[in-house]
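Take a look at the structure set out below.
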Amino acid sequence: MNDGRICVSQIQHMSVNDGEGIRTTVFLSGCTLRCKWCSNPETWSPLPVEGRLPDGSTEVFGRFMTASEVVEEIRPSMIFFRASGGGVTWSGGGPFLFPDNLRILVTACAELGISQAAETSCNFEWDQCEDILAMLDFLFVDIKHMDSARHRALTGVDNGRILENIRRVGRLGVETVARVPLISGVNDDDENIRRTAAFVREALPSRKMELLPYHDFGRVKYVMLGMENLWHSFSTPSPERIAALEALIAAEGVEVVHYR
Ligand code: SF4
């Protein structure tokens, strides 16, 4: 195995929110987006970042690991994967930011027979990532806003390449769920959700969507990382509003699913 160093922000064992069954979620460092609501700013940098705790001590988020070290940390959970139908989920940050690293990890896990999923913004170079995507069993793709100018204002990039990559994912035949981070007054209007559902219906044969209501749990991280100036306050849609949007999605012929 090529054992170049890979910056891993966190490895979360026994996760049940990032795909089927019991999973190990590996958060790889580095992201090309800057979503204003992001709850994981410690994953933005492709390098480890230092944070300061309230007592003045410091904590480093992220560490360089070899691919072998990552796989060895995953391997003890294989018994749980087999018993539950689970596996590994590659997340971030943007797990496709360094495709050569991800390819090594995905190939190694495939050789062990581990089921694999990824959660991605789809803001990547298709030609560099297609072979990796084809090795996966399941994908979560994020759709943050259907209006490209709004998308750019909210995340720093427009959605042209993202939506085109999602169409390509649909043609690959990998089981895929489109996830929408749902934020009050930002993207939870009927028109945006209807357009998103219509896009999913046309682009993804699995025709599945999940709404992820905004939360502000990440605020403490901005404080610890000295990034408070980048924190934006948003509101969570009410349960009634979420139910209404889920009904709207279903009316568009798209199945609403819940992994979180
Ligand atoms: S894509 Fe994900 S990790 Fe990157 S900025 Fe947006 S929410 Fe944060």
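The values are calculated or read from the model by the stated rules, or taken from the named source; none is laboratory data. Remember, predicted model here, so these are calculated numbers, not experimental data. Note that we place each Cβ from the backbone using ideal geometry, even for glycine, and neighbour counts take in every protein chain shown.
Just a few scattered comments:
- Considering residues of region 8-48 that are away from the ligand (no atom under 15 Å from the Cβ) and at positive phi only, the residue surrounded by the fewest Cβ atoms within 10 Å (Cβ to Cβ): Met14
- Flag if Val220 is under 25 Å from Ser15 (Cα atoms), out of contact with any Ser or Thr (no Cβ under 9 Å at 6 or more places or on another chain), among the aliphatic types (A, V, I, L, M) and free of Cβ contacts under 8 Å to residues at least 12 places away in the same chain: yes
- Any hit, region 77-88, residues being within 20 Å of the chain's Cα centre (by Cα) and without any contact (Cβ under 8 Å) to a residue 40 or more places away in the chain: no
- Any hit, region 77-91, residues being within 16 Å of the ligand (Cβ to nearest atom) and within 27 Å of Ser235 (Cα to Cα): yes
- Scan of region 59-74 for residues that are crowded, with 18+ Cβ neighbours inside 10 Å and either within 9 Å of the ligand (Cβ to nearest atom) or assigned to a strand (DSSP E or B) (or both), ordered by number: Phe61, Met65
- Filtered residue count, region 220-240, keeping only those that are surrounded by fewer than 15 Cβ atoms within 10 Å (Cβ to Cβ) and of a type in the set (D, E, K, R): 2
- When the test is whether a residue is outside any loop (DSSP other than H, G, I, E, B) and either in contact (Cβ under 8 Å) with a residue 40 or more places away in the chain or of a type outside the set (Lys, Arg) (or both), Cys31 does not pass it.
- Across region 18-35, not a single residue is classified as more than 25 Å from Tyr259 (Cβ to Cβ) and touching a Leu at 6+ places or on another chain (Cβ under 7 Å).
- Comparison of Gly56, Gly51 shows that the only residue that is in a strand (DSSP E or B) and either modelled with pLDDT of 95 or more or away from the ligand (no atom under 13 Å from the Cβ) (or both) is Gly51.
- Hey, Val180 within 21 Å of Asn17 (Cα to Cα), under 17 Å from the mean Cα position of the chain (by Cα) and either of a type outside the set (S, T, N, Q) or away from the ligand (no atom under 14 Å from the Cβ) (or both) or not: yes
- If you filter region 92-110 down to residues that are at pLDDT 95 or above and in a loop (DSSP other than H, G, I, E, B), you find that the one that is farthest from the ligand (Cβ to nearest atom) is Phe98.
- Count - residues of region 114-140 that are out of contact with any Pro (no Cβ under 9 Å at 6 or more places or on another chain), within 11 Å of the ligand (Cβ to nearest atom) and closer than 13 Å to Leu102 by Cβ: 0
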